[in-house]
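Chemist: Sharing a structure below in structure tokens format, with a few things to ask.
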Amino acid sequence: MKNVRSLIAAAVITGFAPVASAADLSIEVQNLTQGIYFTPILLAAHTPDASLFEVGEQASMEIQMMAEGGSLEGLAAIGTSISADAVANPASGLLGPGQTTTATMMTADTNTVLSVVAMILPSNDGFVGLDNWTIPTEAGTYTVYLNAYDAGTEANDELRGSGMPGMPGMPVPPPLDPLLGTNGSGVTTEIINDTVHIHPGNIGDDSATDGASDVSNTVHRWLNPVAKVTVTVN
């Protein structure tokens with residue numbers, strides 16, 4: 001797995017460079033789901049030899065912290081090893097269904113790829129992700145659609161919990177609290193695939209007070225893609 005390096009060098013977005021100079025970017029992220037929330041988003045321009053995550057590889061502890069609890073602290077803590085240009089939390093909190101957030105950034109000429117991550121709620125260890133997308137060198141507007149991934153670090157029991165890494169259960173911030181059920185027995189206690197992989201989606205059920213899941217099967221299911229990223233290179 002490529003060396004995971006922090007992609008939060010500052011809480012401002014900076015642009016991606018054309019081949020020999022800095023680039024001025026506008027980046028828009030849209031939540032395409034009907035009932036899923038994104039935790040604080042990390043947008044990062046960095047060098048191609050670094051990677052936040054890789055599909056088919058085990059997640060780092062920093063990715064686990066983000067995917068299970070929405071924390072960007074771990075990614076920020078290891079960020080000093082690379083001169084990444086990044087913005088954390090452009091939406092100033094959760095990005096709800098159908099909502100859009102926009103940030104601008106100016107990047108160094110060596111930071112030629114873009115990565116995006118944020119936890120998806122409700123989920124045990126699901127996250128929306130973009131891995132090392134090459135930033136175009138020509139001015140224009142470019143669109144990328146993002147999938148939801150499973151970090152492979154926690155069983156998808158679909159039950160309320162703390163969101164602490166290594167602990168079962170889903171974090172439940174205030175906007176989600178009234179939308180979830182209680183007293184579920186748990187969908188599963190097994191981790192079938194312990195590497196980063198396409199998320200199988202929530203199963204849910206139609207009971208608010210018992211059943212297998214605390215997730216609603218009519219609200220909190222999804223199909224990929226779950227997000228649209230629009231990058232304008234100026």
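The values are calculated or read from the model by the stated rules, or taken from the named source; none is laboratory data. From a predicted model like this one, the values you see are computed outputs, not experimental measurements. Note that each Cβ is placed from the backbone with ideal geometry, even for glycine, and that neighbours are counted across all protein chains shown.
Chemist: Residues Ile27, Ile82, Ile78: which one is buried (at least 17 other Cβ atoms within 10 Å of the Cβ) and modelled with pLDDT of 95 or more?
Modeler: None of the others qualify; the one that does is Ile27.
Chemist: Determine whether Ala212 is assigned to a loop (DSSP other than H, G, I, E, B), farther than 30 Å from Val144 by Cβ and modelled with pLDDT under 95.
Modeler: For Ala212, the condition - assigned to a loop (DSSP other than H, G, I, E, B), farther than 30 Å from Val144 by Cβ and modelled with pLDDT under 95 - is not met.
Chemist: Residue pairs, Cβ under 8 Å, 6 or more apart or interchain, first in segment 223-234 and assigned to a strand (DSSP E or B), second among the polar types (S, T, N, Q) and at pLDDT below 95. List them.
Modeler: Listed pairs, sorted by first residue: Val233/Thr137.
Chemist: Here's something else I'd like to know. Just to be sure, is Leu94 under 17 Å from Ala227 (Cα atoms) and within 14 Å of the chain's Cα centre (by Cα)?
Modeler: On the way: under 17 Å from Ala227 (Cα atoms): yes; within 14 Å of the chain's Cα centre (by Cα): yes.
Yes, satisfied.
Chemist: Related question: If the Cβ limit is 8 Å and pairs must be 6+ apart or interchain, which residue in segment 123-141 that is among the aromatic types (Phe, Trp, Tyr) pairs with which residue that is in a loop (DSSP other than H, G, I, E, B)?
Modeler: Going by the 8 Å Cβ cut-off, the qualifying pairs are Phe127/Ala151.
Chemist: Does segment 157-165 include one or more residues that are part of a loop (DSSP other than H, G, I, E, B), of a type in the set (Ser, Thr, Tyr) and over 28 Å from Leu130 (Cβ atoms)? Before you say what the answer is, go through the steps one by one.
Modeler: Keep residues of segment 157-165 that are part of a loop (DSSP other than H, G, I, E, B), which gives 157-159, 161-165.
Next, only the ones that are of a type in the set (Ser, Thr, Tyr) stay: 162.
Now drop any that are not over 28 Å from Leu130 (Cβ atoms), which leaves none.
No: segment 157-165 contains no residue that is part of a loop (DSSP other than H, G, I, E, B), of a type in the set (Ser, Thr, Tyr) and over 28 Å from Leu130 (Cβ atoms).
Chemist: Within segment 40-65, restricting attention to residues that are under 24 Å from Ile192 (Cβ atoms) and touching a Pro at 6+ places or on another chain (Cβ under 9 Å), which residue is surrounded by the fewest Cβ atoms within 10 Å (Cβ to Cβ)?
Modeler: For segment 40-65, the residue satisfying everything is Met61.
Chemist: Here's a check for you: in segment 146-176, which residue that is closer than 20 Å to Asp206 by Cα and at pLDDT below 95 is surrounded by the fewest Cβ atoms within 10 Å (Cβ to Cβ)?
Modeler: Pro175
Chemist: Step by step: first the residues of segment 188-209, then only those that are without any contact (Cβ under 8 Å) to a residue 40 or more places away in the chain and surrounded by 13 or more Cβ atoms within 10 Å (Cβ to Cβ), then the one that is nearest to Ala148 (Cα to Cα). Which residue is that?
Modeler: That would be Ile191.
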